[in-house]
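Worksheet: one structure, shown below.
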Amino acid sequence: MGSEARATIGLEVHVQLTSLKTKLFCSCSADYRGAPPNTHVCPVCLGLPGALPVVNRKAVEKAIQVCLAVNGSVARMLRFDRKHYFYPDLPKNYQITQYLEPICTGGYVEIDTPKGSKRVRLRRINIEEDPGRIVYPGGGPLTSPYVLVDYNRSGVALLEIVTEPDLETPEEAAAFLEKLRSILEHLGACDCGLEGAMRVDANVSVEGGERVEVKNIGSFHEVKRALAYEITRQRDVLLKGGRVRRETRHWDPVRKVTLPARVKETEEDYRYMPDPNLPPVAIPGELVEKLRATLPELPDARARRLEKQYGLRPQVARVLVSRKVLADFFEDAARLYSGSYDRMANYLVNDLLNWLKDDDLAGLYRRVKPEHLAKVMRLLDRGVISIRQAKEMAEHIAKRGADPEKLVDELGFRRIADPEKLRPVVEEVLRENPKAVEDALRNPKAVNFLVGMVMRKTRGRADPAVARRLVLERLGRLRRGGG
């Protein structure tokens, strides 16, 4: 078996429905982040004897919307099952989930790859409750002397989105997750930037070995790292004549390795059974059609509209819709500006984003205003600043929300177009570069060097057209023998 043995990857994505105010089966607040441990709890989410769950209707409706958005088939009945396992994050020793009949089957998500568009099939989407949060005070499972459990998260509404094993590389897996995140954000289903709102388990196997599940992957960047490590590890085992056994491994984001956790369970180990406290309920067809009719504009359709409405290149439009907040920001700025929208989009994507970390985009509007982007474009249109100066502005705008019009004076960027102010600079450049002057007198193309030196001395503030005219005028006098 060679070192390039083909890898097969399937993902299990756990997505919190952060748009809901309460948990899946009780009225406890789902806004648990930052709250003291074990304060958003009640007998239902703690699994106390005699407590009865009541399903959150909004969770069901949002799950149906997600199903429709990914081209899946909505179930006719709403059924819940019990998945039994003994672990402290769910004190009743079972999780309420869907197994026998998930809310959604089939569907697909289209992703872009170096080889072109690829359709990643979905196996199912099911509604389930999130378990509590395990805390390791010592830094990790192997180093902590004890563990703590915070049940504030227990019972939060969760979607488990399971793909078919259609992915082959860590890069494809990351592309799928980015596209899925964009769909969820456009639906208003999940604020995926929140800690723990979107978590991934990956099933990966290399040709000739068994399937291994990698758990505890917390971000898209970590997914790529975890998959790359695990694929390399399995290939290495097979290359040395070993056997890759079926097991569950945990990703250690500090050491950047996967660690064995337990032998992989089979479906029978979970002893699935219908939940007797939640009898099946019919999902009305008219409800599904109502939700279908009210679906918002989804990423692919929005990208096509941005191309047509604003004249954007397809690649730029796809980058914008990859995060809903980014596309919203662009369109808000476009309403304040009339001009080159393609240049505006390029500046947002290639310059401002360089100074904004991916995780910071949720707070984009708090740090930068759409009118800032529109102002930069107007300054460029009026010739007040150059493209290079606009690029320098990007850091100040992104990091401290600085007003571009004030930055012009603060950074000394105001364009110099007055010939009387530029003539002394031209004289200085010609005096300091006699060899270049001789070249320019013989070859008109060499004038560009002298103009460039004028631009350098003025830190890009000189109007290029005025600078070129003054240089040519001075060279013309030299040709005629003037001083």
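The values are calculated or read from the model by the stated rules, or taken from the named source; none is laboratory data. Computed from a predicted model, the values in this text were never measured in an experiment. Please note: Cβ atoms are built from the backbone with ideal geometry, for glycine as well, and neighbour counts cover all protein chains shown. Accessible surface areas use protein heavy atoms only, side chains included; no ligands, DNA or RNA. Shrake-Rupley method; radii C 1.70, N 1.55, O 1.52, S 1.80 Å.
Take the residues of region 132-152 that are among the aliphatic types (A, V, I, L, M) and in a loop (DSSP other than H, G, I, E, B): which is modelled with the highest pLDDT?
Taking region 132-152 as the starting set, the residues that turn out to be among the aliphatic types (A, V, I, L, M) are 134-135, 142, 147-149.
Those left that are additionally in a loop (DSSP other than H, G, I, E, B): 142, 147.
Numbers: Leu142: 72, Val147: 91.
Applying the filter and picking the extreme gives Val147.
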Single residue of region 336-358 satisfying the filter (assigned to a loop (DSSP other than H, G, I, E, B) and within 13 Å of Arg378 (Cα to Cα)) that is most open to solvent (accessible area, probe 1.4 Å): Ser338
Some residue of region 32-39 being under 18 Å from Cys192 (Cα atoms), in a loop (DSSP other than H, G, I, E, B), open to solvent by less than 20 Å² (accessible area, probe 1.4 Å) and out of contact with any Cys (no Cβ under 9 Å at 6 or more places or on another chain): yes
Yes/no for Gly311 being out of contact with any helix residue (DSSP H, G or I) (no Cβ under 8 Å at 6 or more places or on another chain), of a type outside the set (S, T, N, Q) and loosely packed, with under 13 Cβ neighbours inside 10 Å: no
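Yes/no per residue for (1) of a type in the set (Phe, Trp, Tyr); (2) crowded, with 19+ Cβ neighbours inside 10 Å; (3) in contact (Cβ under 8 Å) with a residue 40 or more places away in the chain:
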residue	(1), (2), (3)
Arg366	no, no, no
Met377	no, yes, yes
Met393	no, yes, no
Ile397	no, yes, yes
Scope region 169-208; condition among the small types (Gly, Ala, Ser) and either outside any loop (DSSP other than H, G, I, E, B) or surrounded by fewer than 21 Cβ atoms within 10 Å (Cβ to Cβ) (or both); matching residues: Ala173, Ala174, Ala175, Ser182, Gly188, Gly193, Gly196, Ala197, Ala202, Ser205, Gly208
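Is it the case, given these coordinates, that Thr113 is buried (at least 16 other Cβ atoms within 10 Å of the Cβ) and over 26 Å from Ala261 (Cα atoms)? Give the derivation first.
Working: buried (at least 16 other Cβ atoms within 10 Å of the Cβ): no; over 26 Å from Ala261 (Cα atoms): yes.
No.
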Output for region 446-481, where each listed residue is surrounded by 14 or more Cβ atoms within 10 Å (Cβ to Cβ), assigned to a helix (DSSP H, G or I), among the basic types (Lys, Arg) and out of contact with any Leu (no Cβ under 8 Å at 6 or more places or on another chain): Lys457, Arg468, Arg469
Among residues of region 101-110, those that are buried (at least 21 other Cβ atoms within 10 Å of the Cβ) and over 17 Å from Arg79 (Cα atoms), counted: 2
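When you check Lys308 against the structure, is it modelled with pLDDT under 95 and either within 21 Å of the chain's Cα centre (by Cα) or part of a helix (DSSP H, G or I) (or both), yes or no? Full working, then the answer.
Values: modelled with pLDDT under 95: no; either within 21 Å of the chain's Cα centre (by Cα) or part of a helix (DSSP H, G or I) (or both): yes.
Against the criterion (modelled with pLDDT under 95 and either within 21 Å of the chain's Cα centre (by Cα) or part of a helix (DSSP H, G or I) (or both)), Lys308 does not qualify.
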